[in-house]
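Asker: A single structure is presented below for examination.
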Amino acid sequence: MTDCIIECCGLTKRYKSKAAVLNAELKIYRGEIVGIIGKNGAGKSTLLKMISGLVYPTSGELHFFNRAPAGDQSFFERMGVLIENPGLYLNVTGYENLKLLAIAYGLKDSNARIEELLQLVGLDGSRSIKVKGYSMGMKQRLGIAVALLGNPDVLILDEPINGLDPQGIMEIRQLILELNKKGLTILISSHILEELSKIASKYAILHQGEIVEVISREELQHKCEERIEISVEEAKTAIPVLERELNLMRYKVIDSRNVYVYDTDITIRQITKVLVEHGVMVDSIAKHKQSLEQYFLERTERAGEHHA
Amino acid sequence: MLNILRMDFYRFVRNRIMYLLLLVFCAFQIFGIFMTKQYAQEMEKGGISVSSLNESDFIQYTISQPPSWMLVYIAVFSIFFYTSEFSSGFHKNYIPMHRARIHSVCSKILVLAAFVAMLFLTMLIADWIGRTLFFDNTSLGDPVYLMKLLISQFMLHWAFSILILYIVMVVKNLLVSLTAGFVLALNVAGMALSALESLVQGLHLSQYLLINTIVRVKDFNNAADILHTAAVAVIVILVFSFLAVRYKLQEDLN
C-alpha cells in the first residue's frame with residue numbers, strides 16, 4: 001500500500017462565508033478502505049463530492065496518482081460514486097438504469113456486464129421490478145452496481161448503509177470487503193461508527209469541516225485497546241518489578257511516571273500488590289477501555305474546545 | 001460526446017411523456033382547426049378566409065395567434081427532460097467522465113432539436129388531417145417557400161427550447177421554470193417592450209426579440225426577412241448554448 005492515488009492538499013469549500021470543508025489534508029493509498037467519520041454537517045459529503053469531481057473546491061488542490069488534474073477531468077473517470085441517495089430513475093427497472101449508464105460509458109458487451117453486476121449486488125432476481133418498487137437496501141445495492149459499472153479504481157460511498165436493516169447492513173459490508181479484496185480502493189463515510197470499524201483500514205475524523213485526525217486501524221485499535229493505566233513515582237523502578245513478578249510483556253511507558261499495561265490477564269489488584277510490596281508508590285491505577293464511538297466523541301470534543 | 005448523446009436519445013425514444021405531449025398536441029391542433037371551421041369561418045386573414053389558406057400561410061397564421069401552443073409544449077418538454085435527470089440525481093453517475101459536463105449539455109440541446117423536429121412533423125400531420133377533414137383543403141403552396149418557412153421556424157423554436165433549457169438549469173425549480181416558460185410563450189416581455197418602444201421614436205429593438213420574431217408573419221421570399229429570422233435564431237442558439245455549457249462547467253452538483 002505505498003501507492004498514493006488521491007491526495008487532498010488544503011482542500012477548502014466555502015458556501016458564502018461558511019466553510020463546509022476547511023483545509024483538508026488527506027492521503028489515500030491503493031487498496032485502503034478509508035472511513036470518513038463525522039457528525040451530521042461535519043463536511044463528509046462535501047469532501048467526498050470534491051474528491052469525486054461533483055463539487056469544485058474553493059481553494060486547495062487534489063492530486064491523483066501524484067499529479068494535479070489542472071483542468072483534466074479524466075482522473076475522475078476512474079472513480080465510482082455513490083453520494084447520498086443513489087442517482088436512479090425510479091420509473092424504470094434496475095437493469096434499464098444500468099443499461100443507460102452503460103451506453104454513456106460506451107461499454108461494448110454491456111448486457112453481460114450488467115448481469116454480472118446485478119448478480120454481484122444480489123439483484124439478479126429483481127431485474128423486471130421498477131426501481132420505485134425497490135426497498136431502501138435494494139436501491140443502495142443498485143447504487144453500488146451503478147458505481148461499479150465503469151470498472152473504477154476507487155469507489156466513493158457516502159452513507160451507503162443509511163436506512164438499512166441489520167441484514168442489509170451486513171450484506172453491504174460483505175460486498176465492500178469483497179470489492180476491496182479484488183483491489184478496489186474505497187472511501188466510505190458513515191456515522192454508524194460500529195459498522196465502519198468493521199471494514200475501514202484508516203479513519204479520517206472530520207469536525208466542523210476540518211480533518212482533526214487521520215488514524216490507521218492499528219493505531220486506533222491500540223488507542224482503544226483495553227489497558228491498565230498506572231501512575232507511579234518512577235516508571236523505571238516499577239517496570240522491572242512488574243516484569244519480574246508478573247511476567248509483564250505488553251506495556252508502554254508513556255513518560256517518567258505513566259505506564260500502560262496491555263496484558264489483559266493481569267489484574268489491578270495484582271499490580272497494586274506487587275508494586276506496594278516492592279516499595280513503589282502508586283499514585284493512581286485504573287482500567288481503561290474505549291470504543292470507536294467514545295474515541296470519536298473525545299476527539300471531536302477536544303477539537304471543539306480547540307475551536308472555542 | 002456520442003455516448004452521452006446515445007444515452008439521452010435512448011431515454012428520449014423511451015419517454016412516454018414525449019409521445020403523450022405529441023399526441024395531445026396533435027389532438028388539440030386538429031380540434032383547433034375544427035373550432036376555426038365552426039366559429040371563425042368568416043374570420044378573414046387579409047381578405048382571405050382561413051380555410052382557403054395553403055399550408056405555409058396556415059402555419060404562419062396559427063403560429064402568430066397568441067399564445068403559441070408550440071412554445072408551451074416545447075417549454076414543458078425541455079423542463080421535463082432536464083429535471084427528470086437532474087432531480088433523480090442520475091447525472092452524478094456519469095458527470096465525473098471526461099468532458100461529460102459539456103457533452104451532457106450539448107446532447108440535451110440535440111435531443112431538444114429532435115423534439116422540436118417531431119413537433120413540427122406532428123403539426124404537419126395534424127394540419128393535413130384537420131384541413132382535409134374540415135377545410136377540404138390540402139394545398140401546400142410553394143414547396144420551396146414551405147421548406148424555408150419550416151426551417152426558419154424550426155431554428156427559432158429550437159432556439160426557444162435552448163433558452164428554456166438554460167433557464168431550468170439555472171433556476172433548478174420545476175414550477176418557476178414552467179412559469180417562466182409560459183410567460184415567455186405568451187410573449188409578455190415582447191409585448192411590454194413593444195409598448196415601451198412605442199413611446200420612444202425610432203426605436204425598433206423589440207422586433208429582434210426571439211418570441212416576437214417567432215410570432216411575426218414573415219415573407220420568406222424576402223431576403224431581409226430570411227436574414228432577420230436566421231440571425232435571431234443563430235444568435236440565440238449560440239449565446240444560450242454557450243451560457244448553458246459555461247454554467248454547467250461551473251456548477252456544483254450537490
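Asker: Chain pair B, A: how much accessible area is buried, both chains summed, with a 1.4 Å probe, in Å² to 100?
Answerer: Interface between B and A: roughly 2500 Å².
Asker: Counting pairs of Cα atoms in region A:160-219, how many percent are more than 20 Å apart?
Answerer: Looking at region A:160-219, the distances longer than 20 Å represent 29 percent of pairs.
Asker: Taking Cα atoms of region B:115-249, Rg/Rh with Kirkwood Rh, to two decimals?
Answerer: When Rh is taken as the Kirkwood radius, the ratio is 1.02.
Asker: Have a look at region A:188-269 and give its Rg and Dmax from the Cα atoms, expressed in angstrom.
Answerer: 16.9, 50
Asker: Taking only the C-alpha atoms, wrap a convex hull around region A:35-127 and report its volume per residue in Å³ as a whole number.
Answerer: 160
Asker: Report the Cα centroid-to-centroid distance between region A:20-45 and region A:255-285 in angstrom, as an integer.
Answerer: About 39 Å separates the Cα centre of region A:20-45 from the one of region A:255-285.
Asker: Projected area of chain B, taken from the Cα convex hull and averaged over every viewing direction, in nm²?
Answerer: That works out to 15.1 nm², a quarter of the Cα hull's surface.
Asker: Hey, how much of the P(r) for region A:86-219 falls beyond 23 Å, as a percent of Cα pairs?
Answerer: In whole percent, the long-distance tail amounts to 36.
Asker: So, one more: Taking K and R as +1 and D and E as -1, what net charge do the other residues with C-beta under 15 Å from the C-beta of residue B:132 add up to?
Answerer: -1
Asker: Here are some pairs, A:27/A:223; A:16/B:248; A:18/A:287; which of them have Cα atoms lying more than 30 Å apart in this structure?
Answerer: Checking Cα-Cα distances, A:18/A:287 exceed 30 Å.
Asker: Let me ask something additional. Give the average, rounded to an integer, of partner chain Cβ atoms located within 10 angstrom of each Cβ in B:97-110.
Answerer: What the average comes to for B:97-110 is 2.
Asker: Okay, next question. For chain A, what's the radius of gyration and Dmax over Cα atoms, in angstrom?
Answerer: Every Cα atom of chain A included, Rg and Dmax give 24.0, 79 Å.
Asker: Another question about this same structure. Projected onto the charge dipole of the protein assembly as shown (+1 at Lys/Arg Cβ, -1 at Asp/Glu Cβ, origin at the Cα centre), which of A:161, A:242, B:223 gives the Cα projection farthest towards the positive end?
Answerer: Sorting the options by dipole projection puts first B:223.
Asker: Now for a different question. Under a no-solvent Debye model with one identical scatterer per Cα of region A:165-308, what's log10 I(q)/I(0) at q = 0.11, 0.17, 0.21 Å⁻¹?
Answerer: Result of the Debye calculation: -0.59, -0.96, -1.18.
Asker: Also, quick follow-up: If the convex hull of the alpha-carbon atoms of region B:136-214 is projected onto planes in all directions, what is the mean projected area in square nanometres?
Answerer: Over every viewing direction, the Cα hull of region B:136-214 projects on average to 8.0 nm².
Asker: Here is a follow-up. Grab every C-alpha pair in the protein assembly as shown, bin the distances at 20 angstrom width from 0 up to the longest one, and report whole percents.
Answerer: Calculated P(r), rounded to whole percents: 18, 37, 25, 13, 5, 2, 0.
Asker: A further question on this structure: Note down the magnitude of the dipole of chain A about its Cα centre, charges +1 on Lys and Arg C-beta and -1 on Asp and Glu C-beta and zero elsewhere, to the nearest 20 debye.
Answerer: For chain A, the charge dipole is close to 840 debye.
Asker: Write down Rg/Rh for region B:1-125, rounded to two decimals, with Rg from the C-alpha atoms and Rh from the Kirkwood relation over Cα pairs.
Answerer: 1.12
Asker: Same structure again: Roughly what angle does helix B:188-199 make with the longest principal axis of chain B, taking Cα atoms, 0 to 90 degrees, to the nearest 10?
Answerer: The angle comes out near 60 degrees.
Asker: Among B:39, B:94, B:61, whose mean-square fluctuation peaks in a Gaussian network model of chain B (Cα, cutoff 10 Å)?
Answerer: B:39
Asker: I need the P(r) histogram for region B:51-107: all alpha carbon pairs, bin width 5 Å from 0 out to the longest distance, whole percents.
Answerer: So the P(r) values, bin by bin, are 4, 15, 16, 15, 11, 9, 9, 8, 8, 4, 1, 0.
Asker: What angle do you read, to the nearest 10 degrees and between 0 and 90, between the alpha-carbon axis of helix A:110-120 and the longest principal axis of chain A?
Answerer: 30
Asker: Relative contact order of region A:122-270, please, whole-number percent, based on alpha carbon pairs below 8 angstrom and at least 6 residues apart.
Answerer: 14
Asker: Okay, moving on. Taking the Cα centre of region A:124-231 as origin, work out the dipole magnitude from +1 charges on Lys and Arg Cβ and -1 charges on Asp and Glu Cβ, in debye rounded to 20.
Answerer: 640
Asker: Would you mind calculating the relative contact order of region A:206-308 from Cα pairs under 8 angstrom and at least 6 residues apart, reporting the percent as a whole number?
Answerer: The normalised contact order for region A:206-308 reaches 37 percent.
Asker: Sticking with this one: Over the Cα atoms of region A:231-294, compute the convex hull volume and normalise it per residue, giving Å³.
Answerer: For region A:231-294, the hull spanned by Cα atoms encloses 88 Å³ per residue.
Asker: About its Cα centre, how strong a charge dipole does region A:29-162 have in debye, to the nearest 20, once Lys and Arg get +1 and Asp and Glu get -1 at the Cβ?
Answerer: 260
Asker: Take the Cβ-Cβ distance between residue B:24 and residue A:109 as r, set R0 to 56 Å, and report the resulting FRET efficiency rounded to the nearest 0.05.
Answerer: 0.90
Asker: Rg and Dmax of region A:110-179, Cα atoms, in Å?
Answerer: Expressed in Å, the Cα Rg and Dmax of region A:110-179 come to 11.6, 32.
Asker: Taking only Cα atoms, what is the 0 to 90° angle, nearest 10, from helix B:55-64's long axis to the longest principal axis of chain B?
Answerer: So the helix axis and the longest Cα principal axis differ by about 70 degrees.
Asker: Counting only heavy atoms of the protein chains, get the accessible area per residue of chain A (1.4 Å probe) and round it to a whole Å² value.
Answerer: That works out to 47 Å² for each residue.
Asker: For the protein assembly as shown, what proportion of DSSP beta bridges, expressed in % and rounded to the nearest 5, is antiparallel?
Answerer: Of the beta bridges lying entirely in the protein assembly as shown, close to 65 percent run antiparallel.
Asker: Summarise the accessible area of the protein assembly as shown (1.4 Å probe, protein heavy atoms) by the percent that is carbon and sulfur.
Answerer: Result for the protein assembly as shown: 58 percent of the exposed heavy-atom area is carbon or sulfur.
Asker: What do you reckon, how do B:193, A:11 stack up by accessible area (1.4 Å probe), largest on top?
Answerer: Greatest to least solvent exposure: B:193, A:11.
Asker: So what's the projected area for region B:180-227, the Cα convex hull averaged over all directions, in nm²?
Answerer: 3.8
The values are calculated or read from the model by the stated rules, or taken from the named source; none is laboratory data. Keep in mind that this is a model prediction, so the values were computed, not measured. Note that we place each Cβ from the backbone using ideal geometry, even for glycine, and neighbour counts take in every protein chain shown. Quick note on the areas: whole protein, heavy atoms, side chains included, nothing else; ligands and nucleic acids left out. Shrake-Rupley method; radii C 1.70, N 1.55, O 1.52, S 1.80 Å.
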